[in-house]
Amino acid sequence: MTPASTRPSDSYSPLYFLAALGAGGLTVTFFMWLMFWIPHPGQPVPVFEDIAAAFATGSVLVQGMIAVALAGIAAFSVLNIKSLVWNLKRFAEWRRSEAYAKFAATNAQSQVMALPLALAMTVNVLFILGMVFVPGLWSVVEYLFPLAMIAFLAIGVLAFRLYGAFLGRVLTEGGFNCAANNNFGQILPAFAFAMVGVGLAAPSALSTVPAISGLGIVLSTFFLVTAAVIAGIAMILGIRSMMENGANPETAPTLMIIVPLITVLGILGLRQSHGLHEHFGSAAMAGETLTLLAQYLSVQVLFLLFGALILIRQGYAQRFLFGAENSPGSYALVCPGVGFAVMIHFFVNRGLVDAGLVAQFGPVFWAVTAVALAAQVAMIWLVLHLNRRHFGAPKDAEAVPAE
């Protein structure tokens, strides 16, 4: 417990890397507006020149949308980078402490995987910043893809080293507490590997060089499989423990971690599919993509309902969002909302619109998109609310260390 005169964040936990992750995810939600709402002929993503042209020729509504999107990208990118830097400094200090030694002997040791997860997200954020704010970037982008792949591979190596330390300990020394595994926290490493994989898949979709595209497909597939295997095993172990011991109230937000994981793996698959179509003659039909995205969205809805059921029955919000208790694990609530919002954008635009079921910018288009926008607004509020609770002025509250 921390004294009432301190902030919750003064008791460090690697789960605070999720604060950086959440801000980075919100950057992506604003980029979705530009991705799907303005034309970008000549490349699969919008760049500075496309945005400038749309702003110059668009209506007042289009100009307003672009202005809000750019402001959102800029603001949450700054918040993402600021939070990442703070975490890296605090993590380096904390790792030399006695508290870390005790932490590294528990199930919670795998929470250090939030570090490579946040790093990979920030690389994606930097790429978004370059595309929307740097003129002429696309003319040299082929030189940047190899550098980006090297960066993601370096993060992947770090992730394997951190996860290997955890697995090496529990599989040789034992000590994994199955009763305390009554959550989906052990899926966090899968999320980290998936984030590395989706970054490696970007060149497969965007590069005009077949060798770079093919390398991106192969490398991202390795991380996709890694994430899927870890997630499958961790889910079975977590459900087994929850059925016997009930879900841990503090770590209940992890029950919805499947939602952002599905979004990341889904985007990874779409990027690979685009690269296969462009360079290797393997085209996915619009109907197949619609079906696949509908399946992804269905899984997300199921886990959102599952997680919400447990959170409501346990009174999580009353305790950790509005009550006297604080938990860094509350930031795990941001990821499902962001992942759901992004998936809906893909479902509407790459699914319904491309399949010809819905007219772009028609009433049904906006009705479904409104769900994504509502989730985005809710997550913006949640990030700002949690930042005030955990990093704002000290209040008379007790911080509960995450297990």
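The values are calculated or read from the model by the stated rules, or taken from the named source; none is laboratory data. Owing to the predicted nature of the structure, the values given are computational and were not obtained by experimental measurement. Every residue, glycine as well, gets a Cβ built from its backbone with ideal geometry; the counts of neighbours run over all protein chains shown.
A few notes on this one:
- Scan segment 358-371 for residues that are of a type outside the set (F, W, Y) and either in a loop (DSSP other than H, G, I, E, B) or under 15 Å from the mean Cα position of the chain (by Cα) (or both) and the total you get is 4.
- The one condition in (1) within 15 Å of V259 (Cα to Cα); (2) not in a helix (DSSP H, G or I) that A355 fails to fulfil: (1)
- Selection of segment 152-166 for residues being surrounded by 20 or more Cβ atoms within 10 Å (Cβ to Cβ) and small (G, A, S) yields G156, A159.
- The listed residue being under 19 Å from the mean Cα position of the chain (by Cα) and modelled with pLDDT of 95 or more, out of V134, V125: V125
- Q295 being part of a helix (DSSP H, G or I), over 22 Å from A247 (Cβ atoms) and among the polar types (S, T, N, Q): yes
- Lone unmet requirement of (1) under 21 Å from the mean Cα position of the chain (by Cα); (2) not in a helix (DSSP H, G or I) for A284: (1)
- Counted residues, segment 337-376 - those being at positive phi and touching a Gly at 6+ places or on another chain (Cβ under 7 Å): 0
- Residue pairs meeting the criteria (Cβ under 6 Å; at least 6 apart or on separate chains; first in contact (Cβ under 8 Å) with a residue 40 or more places away in the chain, in segment 170-185; second among the small types (G, A, S) and surrounded by fewer than 18 Cβ atoms within 10 Å (Cβ to Cβ)): none
- If you check S97, S11, S77 for being within 25 Å of the chain's Cα centre (by Cα) and modelled with pLDDT under 95, only one passes: S11.
- Test for A294: is it small (G, A, S), in contact with an Asp or Glu (Cβ under 6 Å, 6 or more places away or on another chain) and farther than 20 Å from I217 by Cβ: no
- Helices (runs of 4 or more DSSP H) completely within segment 1-114 that count 2 or more residues being among the hydrophobic types (A, V, I, L, M, F, W, C) and more than 30 Å from F361 (Cβ to Cβ): 17-37, 60-94, 98-103
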